[in-house]
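**Student:** Please find one structure pasted underneath; my questions will follow.
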Amino acid sequence: MNNTFKVSIIGLGYIGLPMAALLAKNHTYVSGVDINPNVVDTINRGDVHIVEPDLDVVISKAVKEGYLSAATIPTEADVFLIVVPTPFKEKNEPDISFVSNATNSIIPLLKKGDLYIIESTSPIGTTELMTNLIFEQRPELKGEIFIAYCPERVLPGNVMYELVHNDRVIGGIDEKSTKKAVDFYRKYIKGDLHETNSRTAEMCKLVENSSRDVQIAFANELSLICDKADINVWELIELANKHPRVNILQPGCGVGGHCIAVDPYFIVSDYPMESQIIGKAREINNYKSFWCAEKVQNARLEYELKHGKKPNIALMGLAFKPNIDDLRESPAKYIVQKVLQNSNNEIYYIVEPNISDHNVFKITDYRVAFEKADILVFLVAHDEFFGISPREDQIVLDFCGVFK
Ligand code: SAJ
């Protein structure tokens with residue numbers, strides 16, 4: 001690859017766009033492709049459609065300097081990066097149709113010496129499947145192009161830093177593909193680049209998030225036991241973690257987001273008999289949200305019995321984790337919905353300090369909700385909530401450790 005090589009990035013979302021920004025910042029010509037014409041227009045204007053610190057400045061400069069342009073259809077390039085979503089079909093089975101559609105769209109453009117990389121989180125064997133798809137249509141390219149899998153590992157909110165500094169796992173369909181992909185990433189990434197095969201790299205991404213899910217499930221299971229045993233789970237975990245080889249994570253109101261609550265199913269759906277712990281962890285973390293909703297119901301009924309009137313209830317937090325505005329797969333949102341479904345003319349205050357307006361929920365300022373509530377339900381440990389000191393007359397349900 002010479003200095004004037006061109007990279008085509010298929011999928012300009014949460015990972016594809018920052019990746020385009022990183023490459024363009026390093027004076028690589030990038031042609032970004034997205035099926036959504038609004039996304040394409042926004043980027044070509046030098047704007048961004050996703051919120052990520054520092055991204056807008058880099059994109060605007062890259063477009064102005066001519067290193068980045070976007071289109072709805074791919075054009076010829078030397079490197080093709082597939083960074084599209086892999087959502088779910090029914091029964092938690094991964095849907096790789098975006099990956100195959102993206103691959104099909106670039107197959108006619110491939111030429112000898114090109115590098116094709118999948119970054120999308122994918123079930124094991126996807127890179128091999130795509131390899132077959134490519135060679136079925138272009139048999140003359142067998143042994144002439146390079147194919148690899150390299151999962152992204154960045155944390156939303158810190159993408160522009162982590163993209164450069166995190167280690168990467170890179171697995172080719174053969175050794176020369178791995179080397180070629182490593183050479184490519186080396187130009188932009190300061191973290192270590194670890195070489196393996198494509199199946200291991202695919203599994204590695206799924207295992208990273210499953211491992212976290214399993215560990216959180218353990219903490220959530222402890223919280224259920226401690227609730228029955230009348231033990232403060234936060235204190236318990238802090239004490240157990242004093243052991244040099246114990247590191248228990250924190251319980252919460254469930255596990256959300258578009259990665260940890262999702263990726264384990266990619267393993268479970270293909271290997272159901274073998275992935276007992278991984279599958280059970282998903283169940284426990286989902287059950288924890290249901291359990292929290294039940295707890296709110298019980299507290300409400302107890303209040304009514306005791307006081308002979310309906311309580312005002314503040315539901316504190318909607319996001320899937322602290323200090324963000326992202327509600328995707330949010331257990332807090334699920335709990336709020338469930339509680340509201342069973343409501344019986346009580347007054348509910350829904351609080352999310354990171355969102356001012358929502359199309360379904362009426363958002364209340366956290367100070368107002370706190371003031372008016374008889375029952376305070378803490379679902380997400382947002383920074384704002386740590387300053388609150390509940391009154392004697394208020395009932396507190398703390399599912400996220402605000403009052404450890
Ligand atoms: N959570 C707990 N207890 C904990 C830690 C987290 O209940 O002790 C909950 C959070 O509240 C949240 C969920 O887990 O609902 C997931 O939050 P997170 O911050 O752990 O993870 P994500 O989904 O924002 O990002 C993860 C990261 N993966 C790992 O840490 C292994 C990130 O590095 C990945 O890039 C990202 O998934 C991804 O795209 O796969």
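FYI, it's all coordinate maths here, none of it is from the lab. A quick note: this is a predicted structure, and the numbers were derived from the prediction, not measured. For neighbour counting, all protein chains shown are included, and Cβ atoms are generated from backbone atoms with ideal geometry for every residue, glycine included.
**Student:** So how far apart, in nm, are the two label points at residue 249 and residue 196 if each is 7 Å from Cα heading toward Cβ?
**Tutor:** It is 1.8 nm.
**Student:** For the stretch 6-197, just say rounded, prolate or oblate: build the C-alpha gyration tensor, square-root its eigenvalues into a ≥ b ≥ c, call rounded for a/c under 1.5, and beyond that prolate if a/b exceeds b/c, oblate if not. Show your work: numbers first, answer last.
**Tutor:** Details: a/c = 1.38, a/b = 1.33, b/c = 1.04.
Rounded.
**Student:** Still on this model: Cα extents of the stretch 41-101 along the three principal axes, largest first, in whole Å?
**Tutor:** 45, 30, 18
**Student:** So how tilted is helix 198-229 from the main axis of the chain? Cα-based, degrees 0 to 90, rounded to 10.
**Tutor:** It is inclined by approximately 0 degrees.
**Student:** Figure the gain on full extension for residue 129 and residue 104 (residue separation times 0.36 nm, minus the Cα-Cα span) and round it to one decimal in nm.
**Tutor:** Details: separation 25, 0.36 × 25 = 9.00 nm, distance 1.20 nm.
Going from the current span to full extension adds 7.8 nm.
**Student:** PRE reach from residue 26 (point 7 Å along Cα→Cβ): which of the stretch 115-150 fall under 19 Å by backbone N?
**Tutor:** Only 115-120, 146-150 pass the distance filter.
**Student:** Another question, then. I'd like the projected area of the stretch 1-91, averaged over all directions, using the convex hull of its alpha carbons. Report it in nm² with one decimal. All intermediate terms of the calculation are to be shown ahead of the outcome.
**Tutor:** Working: hull surface 26.3 nm².
Computing the convex hull of the Cα atoms and averaging its projections yields 6.6 nm².
**Student:** Mind computing the radius of gyration and Dmax over the alpha-carbon atoms of the chain? Å is fine for both.
**Tutor:** When restricted to the Cα atoms of the chain, Rg and Dmax are 24.1, 80 Å.
**Student:** Taking 41 Å as R0, compute the FRET efficiency from the Cβ-Cβ separation of residue 54 and residue 345 and round it to 0.05. If you can, show how the numbers build up before the last one.
**Tutor:** Numbers: r = 47 Å, r/R0 = 1.16.
After rounding to 0.05, the efficiency reads 0.30.
**Student:** Residues in the stretch 232-262, backbone N under 12 Å from the label point at residue 208 (7 Å along the Cα-to-beta-carbon vector): list them, ranges by number please.
**Tutor:** Counting only backbone N, you get 260.
**Student:** Using only the Cα atoms of the stretch 232-398, construct the convex hull and provide its projected area averaged over every direction, in square nanometres to one decimal. Present the calculation step by step, with values, prior to reporting the outcome.
**Tutor:** Details: hull surface 47.2 nm².
In nm², the orientation-averaged hull projection of the stretch 232-398 is 11.8.
**Student:** Compute the normalised compactness of the stretch 266-365: alpha-carbon radius of gyration over 2.2 N^0.38 Å, N being the residue count. Intermediate results must be reported in sequence, preceding the final value.
**Tutor:** On the way: Rg = 16.6 Å, N = 100, 2.2 N^0.38 = 12.7 Å.
Cα Rg divided by the expected 2.2 N^0.38 Å: 1.31.
**Student:** Now for a different question. Calculate how steeply helix 97-106 sits against the longest principal axis of the alpha-carbon atoms of the chain, using the helix alpha-carbon long axis, and give the answer as 0 to 90 degrees to the nearest 10.
**Tutor:** 20
**Student:** Moving to a separate point now. Between residue 97 and residue 389, how high is the FRET efficiency from 1/(1 + (r/R0)^6) when r is the Cβ-Cβ distance and R₀ = 60 Å? Nearest 0.05.
**Tutor:** My answer for the efficiency is 0.70.
**Student:** Based on Cβ point charges of +1 for Lys and Arg and -1 for Asp and Glu, what charge dipole magnitude is obtained for the chain about its Cα centre, in debye rounded to the nearest 20? Each step should come with its number before you reach the end.
**Tutor:** Working: 42 positive and 55 negative charges, 42 e Å.
Result for the chain is approximately 200 debye, rounded to the nearest 20.
**Student:** Looking at the chain, identify the longest residue range that excludes and avoids all GluC sites (Glu not before Pro) in DSSP loops having at most 15 other Cβ atoms within 10 Å. Intermediate values should be presented prior to the final figure.
**Tutor:** Numbers: sites that count: 76, 144, 274, 392.
With GluC sites (Glu not before Pro) excluded where exposed in loops, the chain gives 145-273 as its longest stretch.
**Student:** Related question: So what is the 222 nm mean residue ellipticity for the chain from helices alone, if each DSSP H run of at least 4 adds -39500 (n - 2.57) and you divide by all residues, rounding to the nearest 500 deg cm²/dmol?
**Tutor:** Numbers: 13 runs with 165 residues, N = 404.
Only helices count here, giving -13000 deg cm²/dmol.
**Student:** Also, I was wondering about something else. If each of residue 35 and residue 5 carries a label point 7 Å out from its Cα toward its Cβ, how far apart are those two points in nm?
**Tutor:** It is 2.8 nm.
**Student:** Between 0 and 90 degrees, rounded to the nearest ten: what's the tilt of helix 16-25 against the longest Cα principal axis of the chain?
**Tutor:** It works out to around 50 degrees.
**Student:** While we're looking at this one, here's another question. Straight-line reach from residue 306: which lysines fall under 29 Å, measuring Cα to Cα and dropping same-chain residues less than 8 apart?
**Tutor:** Excluding near neighbours in sequence, the set is 228, 288, 295, 333, 338, 362, 372, 404.
**Student:** Near residue 142, which aspartates and glutamates are there with a Cα under 15 Å away, not counting those fewer than 8 places off in the same chain?
**Tutor:** Straight-distance partners of residue 142: 114, 128, 174, 175.
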